[in-house]
1. Out of 321, 332, report the one residue that is under 20 Å from residue 214 (Cβ atoms) and either in a strand (DSSP E or B) or at pLDDT below 80 (or both).
2. Among the residues of segment 66-86, is any within 31 Å of the chain's Cα centre (by Cα), assigned by TED's automatic domain parsing to the domain that holds residue 120 and either surrounded by 13 or more Cβ atoms within 10 Å (Cβ to Cβ) or at pLDDT 60 or above (or both)?
3. Against the condition within 28 Å of residue 340 (Cβ to Cβ), assigned to a loop (DSSP other than H, G, I, E, B), under 26 Å from the mean Cα position of the chain (by Cα) and free of Cβ contacts under 8 Å to residues at least 40 places away in the same chain, how does residue 209 come out, does it pass?
4. Within segment 234-244, is even one residue touching a residue at least 12 places away in the same chain (Cβ under 8 Å), closer than 18 Å to residue 359 by Cα and either assigned to a helix (DSSP H, G or I) or in the same structural domain as residue 12 (by TED's automatic domain parsing) (or both)?
5. Got a sec? Which of 215, 198, 172 is touching a strand residue (DSSP E or B) at 6+ places or on another chain (Cβ under 9 Å) and modelled with pLDDT under 85?
6. Pick out the one residue from 281, 300 that is modelled with pLDDT of 85 or more, assigned to a loop (DSSP other than H, G, I, E, B) and surrounded by fewer than 15 Cβ atoms within 10 Å (Cβ to Cβ).
């Protein structure tokens, strides 16, 4: 007899909820009527002069139907089990969650997979005959889920450590599966300073081992523009920065040669803006502004991102210069793109030191920062963690 079962919000995939295993509360799945769903690829067509061509492929959500039966009293009464099931389905309907399918081992295969739940509904409980401990026909769980399934087995990667650095970069070379997976990152701070923030960015589809597609660059190793010069500053990576003198005019001070990243990229820069005020001056500190400009190689026009104001003066600051949306490298011809950072100061003259530039993927990205209200100086201890696979 086939005895497949399932668990709602299993602990392997979501650890802040209570797992509800159907077979532990007296429910059995009617395997003759169950439909676990099948993935389908939706194709977006673009009309051309001669017919149409595919411009995008993506996986559509699929629907699962799980008819239920009552087997015997589980660890709780059937009435309590029904109540637990209704509460759990209500939570899945409101906030989504996960379902784990546990395969029957009668066919020589045993194991489990997880699906991400987008919506859920429950019908037919009004027909439950409690006295006879059975369910009336038509009692079903319906779930709209992601078409991808995930393994319940977690593979632990190597330990990556670093000292006196602001970012860790590592590669997961042995990743099983044919679809995007789940990654759990554990961070341990063995230093004497508190971690005030963390950025996690992972790339797979857009990964390249080329030096022109790196995740981070030292400013002094890039192209200096607008009279910028290499200087020394305590607290900088390697002790060196690129120093630029600002005016009230937009000027490009730092740029790249040929970059070969692809996909959507988010550019961040670590800077030290410095005000220049005479002793005892009552002038308002100048406002330092930055803006990223970028373009595909061969393009005549620069794309300009939004203007960003530095939140700090005379302190290290990590500035988010927004996204660049890059086309895949061409199969023929010269692939790539280029960028430059422009800056200006509103008010009196000022300088700005550029230390590190990160060109982060957004395939999987998470940014955590300390709660608002912390002292400005706490921003200086904000690190970045990067992963490549």
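The values are calculated or read from the model by the stated rules, or taken from the named source; none is laboratory data. Keep in mind that this is a model prediction, so the values were computed, not measured. Cβ sites come from the backbone with ideal geometry, for glycine too, and all protein chains shown count toward neighbours.
1. Values: 332 fails: under 20 Å from residue 214 (Cβ atoms).
Only one candidate passes the filter, namely 321.
2. From segment 66-86, those within 31 Å of the chain's Cα centre (by Cα) are none; that's our starting set.
No: segment 66-86 contains no residue that is within 31 Å of the chain's Cα centre (by Cα), assigned by TED's automatic domain parsing to the domain that holds residue 120 and either surrounded by 13 or more Cβ atoms within 10 Å (Cβ to Cβ) or at pLDDT 60 or above (or both).
3. Values: within 28 Å of residue 340 (Cβ to Cβ): yes; assigned to a loop (DSSP other than H, G, I, E, B): yes; under 26 Å from the mean Cα position of the chain (by Cα): yes; free of Cβ contacts under 8 Å to residues at least 40 places away in the same chain: yes.
So residue 209 fits the description; yes.
4. yes
5. Values: 215 fails: modelled with pLDDT under 85; 198 fails: modelled with pLDDT under 85.
Checking each option against the conditions leaves just 172.
6. When all the criteria are applied, what remains is 300.
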